[in-house]
Structures are given as C-alpha cells and as structure tokens.
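Before any comments, here is the structure.
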Amino acid sequence: MSQVTTATLIEMKQRGEKIAVLTSYDASFTRVLEDAGVPVILIGDSLGMVIQGQESTLPVDVSDMVYHTRCVVRGRRNTLLIGDMPFMSYSSAEQALTTAGRLMKDGGAHMVKLEGGATQLETVRQLTSSGIPVCAHLGLLPQSVHKLGGYRVQGRDEEAARIMREDALALESAGAQMLVLECVPSQLAADISRSLMIPVIGIGAGPECDGQVLVLYDMLGITPGKPPRFVKNFLEDADSIADAVRAYVKAVQDGSFPGPEHCFQ
Ligand code: KIV
C-alpha cells in the first residue's frame, strides 16, 4: 500500500472503491491493521470506553488522545491517521486550533475529527484554512449522548433528515474532507453520500456510504455487553485477529458488510 492521503480517498470514492476504516489505539494493532490492508485508522475517543473502561467518551482528554496517537504512529507505515478531538476541546475555533495543533504536532495525526453540524462550521473553516484536514461527524454524536438522551438512531423524522442533509453540504463547503455518519437510516446516508464529493464513512449508516468504520474491539467481539445492531463480530469465523481484519476489509470492499441486519430504516 502506498501512502494514503486525502487525495487517495477522493480517488477511491470516484472509482467506487469502498474504504475500510477501523479504530486503533496502539502500535501492535496498527501493524496488524495495516498489514491486513486497512487504509485509514481512526484514533477514536472510543478509547475512553474500550481502553480506559469509562462509561462514555466524555472523560477523555487531549493528552490521552496525544498519547494514543503517538503509540499508533509507531506502528504505522502508510495509513492515514485521524485523531478525534475530545469533548470540550473545541468549544471555540481558537481552542480547536490549539487542540488540533497538539494532535498533529505532538501526536502525529494527519487529520482531526470533530462532532457536530451547523455549530461547527466556523471552526471547520478556521482549521482547514490553517492547513488542518478535518473529518466531520454527524448523526449519533457520542459526545452529546446526555443531550440526545442515549445512543439512538438520528435523522428518522423528515425535519431531522433535512437538517442533516444541509449540515453535510455546509460542512463540505466549509472545507471538511471526510464525513462520518453514525446511526443514520440507510436511505438518508445513501442520499448524503451521493450528494457530497468527499468520502462519507458510515457506522450503522447502511451499505451505500463510501466506506465503513467500526471500533476494533467491537468487531473482535471483546467489548463487554450486548453489541449495537451495526456491529459484526469478524473474529467469530476467523482463525486469528489478522484473519478477522482481512475479512472485514474484504466485506467492506465487496459490499457484503453491512448487511440488512446491521442497518436502520
Ligand atoms: O471514537 C470513535 O471510535 C468514533 C467512531 C465510532 C466513528 O468516533
């Protein structure tokens, strides 16, 4: 695999090649993911739950993200690395610039991800005009779990769907170079993916997104409790973790994951 850049991902979208993304938080898993053909790795603030054992992503701070991004960088050769901006680390455009600077300069991330729509447009503009690639995140926003009243599917009613479509277009116009859609009805996610030039990566957002992302520990079946509907355990039918990751990449590329049983209407 040659160096993956934001340009590579646009070309993949244009060619109709699906993008398989996974989270990683350390060097060893990063090597396994890269060897299995994963082109993009997200150092997600999901690390708060799967690494730190917290109940949500809210307690994660910037120094946690910098530490894990550095660990991932040591296992990486060619993958594009996206670092999550943690809760309350981008409440103003100025604070976002400081956080993104730390994730990229101290951590080594190539792109930063932030949650939110219309309220984040000015921040996205300022980050991108400072040369910082941004991945936006719409739908279920885990950092807003208390405001949303739980981990629920978003965009089911007409008004919410309209706002999400508008937010997605506005984020792209503001300079976002990738969009994650989480827990969104498949048809809405398909419409948004088709209307944007930038790659749209789904998690619980149906098969017609330009790529898929899962939390690594979820797809290996080691997250405690009942997994969300959109998760598939790829280790169940595999001989090793490397095999499971290869099966995930293949299933995303050939469109067999996510199946109807992983999607929302
Ligand atoms: O933190 C994370 O792992 C994420 C993914 C679930 C998209 O944001």
Next item on the list: Check segment 6-262 and count each lysine pair with an alpha-carbon distance under 23 angstrom, considering only pairs eight or more places apart or from different chains.
Entry: 9
Margin query: Sort Lys232, Lys18, Lys113 by heavy-atom solvent-accessible area, probe 1.4 angstrom, most to least.
Written below: Lys232, Lys18, Lys113
Next item on the list: Please compute the net charge surrounding Val60, taking Lys and Arg as +1 and Asp and Glu as -1 over other residues with Cβ under 11 Å from its Cβ.
Entry: -4
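Ignoring ligands, DNA and RNA, please state the percent of accessible area on the chain from carbon and sulfur, probe 1.4 Å. If you can, show how the numbers build up before the last one.
Working: 5870 of 11370 Å².
Accessible surface attributable to carbon and sulfur in the chain totals 52 percent.
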Note to self: Residue by residue through segment 96-104, what is 3J(HN,Hα) from phi via Karplus (6.51 cos²θ - 1.76 cosθ + 1.60, θ = phi - 60°)? Round to whole Hz and write x for glycine and proline.
What the structure shows: 4, 4, 5, 5, 4, x, 5, 5, 8
Next item on the list: Have a look at Arg156, Arg246, Arg165 and tell me which one the Gaussian network model of the chain (Cα, springs below 10 Å) gives the largest fluctuation.
Entry: Arg156
Checklist line | Rough spin-label spacing in nm, given labels placed 7 Å along Cα→Cβ, for Ser63 and Ser129 | finding: 3.3 nm
Check: Between segment 198-214 and segment 110-166, what's the alpha-carbon centroid distance in Å?
Finding: 15 Å
Note to self: I'd like to check one number: the per residue accessible area of the chain, probe 1.4 Å, reported in Å² as a whole number.
What the structure shows: 43 Å²
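Using the C-alpha gyration tensor of the chain, what are the square roots of 5 times its eigenvalues, in whole angstrom, with the largest one first? Write out the running numbers ahead of the final one.
Numbers: eigenvalues 111, 97, 70 Å².
Ellipsoid semi-axes (Å, largest first): 24, 22, 19.
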Notebook entry, point to check: Once phi is turned into ³J(HN,Hα) by the Karplus curve 6.51 cos²θ - 1.76 cosθ + 1.60 with θ = phi - 60°, what whole-Hz value does each residue of segment 111-126 show in order, with x for glycine and proline?
Noted result: 8, 10, 10, 9, 9, x, x, 3, 5, 9, 4, 5, 5, 4, 4, 5
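Evaluate the charge dipole of the chain about its Cα centre and quote only its size in Debye, nearest 20, assuming +1 on the Cβ of each Lys and Arg and -1 on the Cβ of each Asp and Glu. Could the numbers behind the result be given before it?
Values: 23 positive and 31 negative charges, 76 e Å.
Rounded to the nearest 20 debye, it is 360 debye.
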Margin query: From the protein chains alone at 1.4 Å, what is the descending order of accessible area for Arg229, Arg162, largest first?
Written below: Arg229, Arg162
Check: Shape call for segment 33-137 from the C-alpha gyration tensor, a ≥ b ≥ c root eigenvalues: rounded (a/c under 1.5), prolate (a/b greater than b/c) or oblate?
Finding: oblate
Next item on the list: Kindly state, to the nearest 0.05, the FRET efficiency for Ala242 paired with Ile51, given R0 = 25 Å and r defined as their beta-carbon distance.
Entry: 0.75
Notebook entry, point to check: HN-Hα J couplings of segment 193-202 from phi, Karplus 6.51/-1.76/1.60, θ = phi - 60°, integer Hz, Gly and Pro as x?
Noted result: 4, 5, 7, 9, 7, 7, x, 10, 10, x
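Relative to the Cα centre, what is the charge dipole magnitude of segment 130-200, using +1 at the beta carbon of each Lys and Arg, -1 at the beta carbon of each Asp and Glu, and rounding to the nearest 20 debye? Mind showing how you got there, number by number?
Numbers: 6 positive and 8 negative charges, 30 e Å.
Computed about the Cα centre, the dipole is about 140 debye.
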Check: Can you tell which of Gly131, Ile163, Phe87 lies farthest toward the positive end of the dipole of segment 6-262, using +1 and -1 charges on the Cβ of basic and acidic side chains (Lys, Arg; Asp, Glu)?
Finding: Gly131
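The values are calculated or read from the model by the stated rules, or taken from the named source; none is laboratory data. Not measured: the values here are computed from a predicted model. Cβ sites come from the backbone with ideal geometry, for glycine too, and all protein chains shown count toward neighbours. We work out accessible area using only protein heavy atoms, side chains counted, and drop any ligands, DNA or RNA first. Shrake-Rupley method; radii C 1.70, N 1.55, O 1.52, S 1.80 Å.
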